[in-house]
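J.: To start, I am sharing the structure in question, which I have written as structure tokens.
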Amino acid sequence: MIQERYSRRTPLLCCIFYLTGIYFCFSQNKNNIDSLETALKVAVADTQKIKCLRELGFLYQDSEPSKGLEYASQGVTLAEEAGHIHWEARCLNIMGVNYERLGNYTKAIQAHFKALDIYLRLKDEKGKSVSYNNLGQVYSYQGEYAKAINSHIKALEIRDKIGEKDLISVSLTNIGVTYYLMQDFTKALQSFQ
């Protein structure tokens, strides 16, 4: 089983990801946002604008998700108009995360499924794993733990198949946390080991 193969490294990787997450939360400073907003104003190519909008949506997701949603939504619209389907999916995932942070789980799920549909058509394995992971997170917040586990396992299987070791540990952690929330401490512990 995939979980058993990676279980020995999970506690260390969990700590690393936790500390990395804290670092990125604090690095979300005004200078980065100001720089991206300036770059957005002077960007000529659609792709440059879309990348700026997506990144701004990402940077605002924890501090001001309504603003993050606005930027990500603009990115989706511009990507659709320009025919940049891959960037449309990336912006949809950021929209979904911002909807989740705002507590609008229905719209979060819709955005993640739209992104997943695009990644399926593009046969983008990494993109599919991100969408499944995001869906798992939303289902977990809703208390739909069986759906959350199913989504996280799909993400884990894809990540194992493509050799994304860092993301494998994220999936194992998410599975463990979900089992913990279900009060299935044995399975939670197995995922964390």
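Laboratory data are not the source of any read-out in this text; all were calculated from the coordinates shown. Quick caveat: nothing in here was measured; it's all calculated off a predicted structure. Methodologically, a virtual Cβ is constructed for each residue, glycine included, from the backbone with ideal geometry; neighbour enumeration extends over all protein chains shown.
J.: Apply the Karplus parameterisation 6.51 cos²θ - 1.76 cosθ + 1.60, with θ equal to phi minus 60°, to every residue of segment 88-93 and state each ³J(HN,Hα) to the nearest whole Hz, in sequence, with x for glycine and proline.
T.: Residue by residue, segment 88-93 yields 4, 5, 4, 5, 4, 4 Hz.
J.: Give the peptides 140-150, 154-164 in descending order of average Cβ contacts within 10 Å, highest first.
T.: Values: 140-150: 16.5, 154-164: 18.5.
Packing order, densest peptide first, comes out as 154-164, 140-150.
J.: Also, quick follow-up: Greater than 23 Å separation of Cα atoms is the criterion. Which listed pairs, 49/154; 51/128; 123/187; 67/107, meet it?
T.: Listed pairs above 23 Å: 49/154; 123/187.
J.: Okay, moving on. So, how do all the Cα-to-Cα distances of segment 26-81 break down into 10 Å bins, in percent, from 0 on up?
T.: All Cα pairs considered, the percentages come to 27, 56, 16, 0.
J.: Using 0.36 nm per residue of separation minus the Cα-Cα distance, give me the extension gain between residue 81 and residue 67 in nm, one decimal.
T.: That works out to 2.9 nm of additional length.
J.: To the nearest 0.05, how large is the calculated FRET efficiency for residue 182 and residue 121 if R₀ is 35 Å and r is the Cβ-Cβ distance? Before the final figure, lay out each step's value.
T.: Values: r = 33 Å, r/R0 = 0.95.
Here the calculated transfer efficiency is 0.60.
J.: Starting from the Kirkwood radius over alpha-carbon pairs of segment 82-163, derive D by Stokes-Einstein at 4 °C in a medium of 1.567 mPa s and give it in µm² s⁻¹.
T.: Translational diffusion coefficient: 104 µm²/s.
J.: Still on this model: Under 19 Å Cα-Cα from residue 126, which aspartates and glutamates qualify once same-chain neighbours fewer than 8 residues away are excluded?
T.: 55, 88, 117, 157, 160, 164, 166
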